[in-house]
Amino acid sequence: MMKNKVLIIVFSIFLVFTTSVFAADYSIDSYKIDAKVIENGDLEITEYIKYDFDADMNGLYRDILYSYIFDSQEDSMDATSSRYQASGIEDLEVFISDSSFNNMKKATKRSESSLSNGMDGYYSAEFSYEEESRLLVKVYSPVDSGDYKYVKYKYTVKDAVVNYQ
């Protein structure tokens with residue numbers, strides 16, 4: 001049980017430091033992660049992010065890194081490895097609100113090519129072609145300067161935990 005708690009703390013720190021903000025026009029006002037280790041080695045993640053906008057925008061990006069190898073380290077599952085290799089992200093759901101994390105509206109997933117600026121309540125999620133270790137989520141939900149946007153991301157990280165002896 002203690003190993004799972006340590007893993008969740010380490011993984012939570014990993015997620016916080018890999019959150020990408022692509023524009024200087026907003027900041028993250030608060031960030032909370034709930035993570036649950038499933039018996040099969042998957043992680044169920046729920047992120048609560050409150051964005052503070054300094055300019056009018058059509059939405060935001062969330063870049064979820066789920067695999068990396070540090071400093072060109074050999075692809076190894078040794079316990080001493082500084083490698084993290086989940087096999088992917090599944091079951092992504094996005095919820096949005098202009099006022100709080102209560103009574104959030106579930107966003108609808110659409111292909112990126114079918115979305116355009118000004119649309120509200122939609123998102124796209126595409127794996128990076130350059131690095132097959134990232135999921136880029138684009139949330140379409142316009143916001144005015146000085147306002148907040150509350151976004152909840154729910155997803156499963158596949159094969160995130162490996163049991164050692």
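The values are calculated or read from the model by the stated rules, or taken from the named source; none is laboratory data. Please read all numbers here as calculations on a predicted model, not as lab measurements. Here the Cβ positions follow ideal geometry from the backbone for every residue, glycine too, while neighbour counts run over all protein chains shown.
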For this session: Would you mind finding the one in Tyr140, Tyr148 that is in contact with a Gly (Cβ under 7 Å, 6 or more places away or on another chain), surrounded by 16 or more Cβ atoms within 10 Å (Cβ to Cβ) and not aliphatic (A, V, I, L, M)?
Result: Tyr140
Exercise. What residue, among those in segment 27-40 that are in contact with a strand residue (DSSP E or B) (Cβ under 8 Å, 6 or more places away or on another chain) and either touching a residue at least 60 places away in the same chain (Cβ under 8 Å) or not in a strand (DSSP E or B) (or both), is surrounded by the most Cβ atoms within 10 Å (Cβ to Cβ)?
Worked result: Val37
Exercise. Of all strands (runs of 3 or more DSSP E) completely enclosed by segment 45-90, which ones contain at least 2 residues that are under 20 Å from Val137 (Cβ atoms) and modelled with pLDDT under 90?
Worked result: 57-65, 67-69
